[in-house]
Amino acid sequence: MMSDKAPDLIVHNSSLVVTMAGSAPRRGAEQGEIAAVADAAVAITGDRIAEVGPEKRVLDSADRHTRLIDVDGRMILPGYIDAHTHPVYGGDRTDEFIARLRGADYEDIHAAGGGIQATVRATRELSVSRLVEEARPRLARMMSNGVTTFEAKSGYGLDVPSELRQLQAIRELDQSGPWELVPTFMGAHTLPDEFKDDRAGYIELVVEKMLPQVEALDLADFCDVFCERGAFDVDESREILEAGKRHGLTPRVHADELSPSGGTKLGVEVGARSVDHLPFIDDESVELLADSDTTAILLPATTFFLMKDRYAPGRRLVDAGVIVAVASDHNPGSSHTLSLERALELAVMRCGLSVEEALAAVTINAAYALEHQGRLGSLEPGKQADLIITDVTRPEQLIYGWGVNHITGVIKRGKMINRRRHRLQHRQHKESRGFSHLFGD
Ligand code: NIG
Ligand code: FE
């Protein structure tokens, strides 16, 4: 649908625009339908997509005020959506990583008071503005790798003020960045040290103190729990997620990651929007998921970084008709990458998704997992103009040339955020001044 007004911006001369137009979410055979248009252009008015169509027709809608960006034949995609990240934290876990390289096990480190707890200690030290400062370059790097929207979790505070500070930092990052963030409260990430002999006491703190304040300050959309041995069992997780629902938060679950935790079944039972991880999902849970509207979010970069060989059964999930998304799980311990493209590669090469299925998993299905499929995740008239320009011409080349950043341009809400000029030599555009100083590459 064309409006009378000429577009503000036309991104053109693309050999292939992957639109992801059509049903949201995708499941089963539809997961691989990317609705690509060959030799196409994208017209943008304000922060919205005005039209995606054949080069000539779209260019005909330009007037002398329309800015043109020539992508030199390269493929255009909807901006990636990273539907599972923990980007706000203090400190780093290099020493833990070195210990793991020498054979130490992630769960043993956690049980001994390291792991998540180490990050909690470092995060509690930081003010909201320091948390923002630490997270900003991470998000910038992730955005230069194509991510335009992030889900972001708390869970490294584990006391009332520190959890609230983390969520306030997420809000400030959302309001000040070129990106957008969708906040998740994860007070039930693990049991903090001071409650190690009082599980019920900590759950009471989450339910009676944290959740009411999160709701009162409107700091989160979702409530997540780590349902795993060494963290919270199914009954504890249920109690927290049900309380979250009473405070207006939709459940999500870290499920079946290191053992068959029952987290997927619980997620379906409580109506979670997503269950995430899933290497240890059982057959019954796959069936339950296939009959539900809960998204399976695969986090294969975590499996890789923990040097495990059991990846989530992505192929089986898609074939069963489960809604499948893929995310980075960026965090300082179990998945320290800042590139969603690494997760995309592993989703294809280790979880058995086709390239097209994996692309739907980081766009339209990830938008669905965040309850924003009506506004984000595809390039269709009326949707938000979040798109990325690659340095390739076919989807498979994103994986064929693995291990590098294929994103040469990022447009968020109709504004060019960053453009790597050394790859494609085109005019610098006015908008690109705004945030380019944030990007390392
Ligand atoms: O998703 N699994 C629980 N939480 C994170 C790990 C957090 C950490 O190790 O700091 C995850 O992998
Ligand atoms: Fe996680």
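The values are calculated or read from the model by the stated rules, or taken from the named source; none is laboratory data. None of these values were measured; they are calculated from a predicted model. Cβ sites come from the backbone with ideal geometry, for glycine too, and all protein chains shown count toward neighbours. Just the protein is used for accessible areas: all its heavy atoms, side chains included, with ligands, DNA and RNA removed. Shrake-Rupley method; radii C 1.70, N 1.55, O 1.52, S 1.80 Å.
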| note | Pairing a residue in the stretch 254-265 that is in contact (Cβ under 8 Å) with a residue 12 or more places away in the chain with any residue that is of a type in the set (K, R), where Cβ atoms lie under 6 Å and the two sit 6 or more apart in sequence or on different chains, gives S259/R229
| remark: Only one of (1) farther than 30 Å from E33 by Cβ; (2) among the aliphatic types (A, V, I, L, M); (3) in contact with a strand residue (DSSP E or B) (Cβ under 7 Å, 6 or more places away or on another chain) does not apply to L77, and that is (1)
| message | Against the conditions (1) closer than 20 Å to L338 by Cβ; (2) out of contact with any Pro (no Cβ under 7 Å at 6 or more places or on another chain); (3) not hydrophobic (A, V, I, L, M, F, W, C), where does D386 fall short? Just the number, please. | response | (2)
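With open to solvent by 10 Å² or more (accessible area, probe 1.4 Å), within 26 Å of the chain's Cα centre (by Cα) and either not small (G, A, S) or not assigned by TED's automatic domain parsing to the domain that holds Q384 (or both) as the only criterion, which of V88, V37, V42, V71 stands out? Explain how you work it out, then say what you get.
Numbers: V88 fails: open to solvent by 10 Å² or more (accessible area, probe 1.4 Å); V42 fails: open to solvent by 10 Å² or more (accessible area, probe 1.4 Å); V71 fails: open to solvent by 10 Å² or more (accessible area, probe 1.4 Å).
The match here is V37.
For (1) open to solvent by less than 40 Å² (accessible area, probe 1.4 Å); (2) outside the structural domain of L205 (by TED's automatic domain parsing); (3) within 14 Å of ligand 2 (Cβ to nearest atom), each residue gets a yes or a no:
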site: R100; (1), (2), (3): yes, no, no
site: I109; (1), (2), (3): yes, no, no
site: T119; (1), (2), (3): yes, no, yes
site: A122; (1), (2), (3): yes, no, no
site: A169; (1), (2), (3): yes, no, no
site: Q175; (1), (2), (3): no, no, no
site: T184; (1), (2), (3): yes, no, yes
| Unmet criterion (only one of (1) assigned to a strand (DSSP E or B); (2) more than 26 Å from C223 (Cα to Cα)) for V324 | (2)
| request: Mind counting the residues in the stretch 302-345 that are within 16 Å of ligand 1 (Cβ to nearest atom) and open to solvent by 30 Å² or more (accessible area, probe 1.4 Å)? | output: 10
| said: Give me the residue from the stretch 368-395 that is polar (S, T, N, Q) and not in a loop (DSSP other than H, G, I, E, B) and, out of that set, surrounded by the fewest Cβ atoms within 10 Å (Cβ to Cβ). | reply: T390
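Kindly indicate whether V88 is touching a helix residue (DSSP H, G or I) at 6+ places or on another chain (Cβ under 7 Å), of a type outside the set (F, W, Y) and under 30 Å from R171 (Cα atoms). Write out each step before concluding.
On the way: touching a helix residue (DSSP H, G or I) at 6+ places or on another chain (Cβ under 7 Å): yes; of a type outside the set (F, W, Y): yes; under 30 Å from R171 (Cα atoms): yes.
Answer is yes for this residue.
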| message | For the structure I just gave you, tell me whether G267 is at pLDDT 95 or above, more than 16 Å from ligand 2 (Cβ to nearest atom) and within 23 Å of A325 (Cβ to Cβ). | response | no
| task | Just give me the residues in the stretch 18-33 being under 17 Å from P395 (Cα atoms) and open to solvent by 20 Å² or more (accessible area, probe 1.4 Å), in sequence order. | result | A21, E30, G32, E33
| Among L344, L338, L353, L398, which is the only one that is assigned by TED's automatic domain parsing to the domain that holds A312 and assigned to a helix (DSSP H, G or I)? | L344
| the stretch 401-413 - residue that is over 18 Å from the mean Cα position of the chain (by Cα) and part of a loop (DSSP other than H, G, I, E, B) and, of those, nearest to D8 (Cα to Cα) | V404
| query | Just for the stretch 137-162: of the residues that are more than 20 Å from P78 (Cβ to Cβ) and assigned to a loop (DSSP other than H, G, I, E, B), which one is most open to solvent (accessible area, probe 1.4 Å)? | reply | D159
| task | Return the total of residues in the stretch 263-295 being within 16 Å of ligand 1 (Cβ to nearest atom), open to solvent by less than 30 Å² (accessible area, probe 1.4 Å) and in contact with an Asp or Glu (Cβ under 8 Å, 6 or more places away or on another chain). | result | 8
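Quick test for you: out of R238, R229, R165, pick the one residue that is in a helix (DSSP H, G or I) and within 25 Å of I297 (Cβ to Cβ). Steps first, answer last, please.
Values: R229 fails: in a helix (DSSP H, G or I); R165 fails: within 25 Å of I297 (Cβ to Cβ).
The unique qualifying residue is R238.
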| task | Could you grab the pairs with beta carbons closer than 9 Å, sequence gap of 6+ or different chains, first residue in the stretch 275-286 and not assigned by TED's automatic domain parsing to the domain that holds I297, second one within 16 Å of ligand 2 (Cβ to nearest atom)? | result | none
| What is the one condition in (1) over 30 Å from I389 (Cβ atoms); (2) in a helix (DSSP H, G or I) that I170 does not satisfy? | (1)
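So, in the stretch 74-85, exactly how many residues are within 16 Å of ligand 1 (Cβ to nearest atom) and either surrounded by fewer than 24 Cβ atoms within 10 Å (Cβ to Cβ) or not in a loop (DSSP other than H, G, I, E, B) (or both)?
Within the stretch 74-85, residues that are within 16 Å of ligand 1 (Cβ to nearest atom) and either surrounded by fewer than 24 Cβ atoms within 10 Å (Cβ to Cβ) or not in a loop (DSSP other than H, G, I, E, B) (or both) number 1.
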| the stretch 228-261, subset open to solvent by less than 20 Å² (accessible area, probe 1.4 Å) and β-branched (V, I, T), residue farthest from ligand 2 (Cβ to nearest atom) | I240
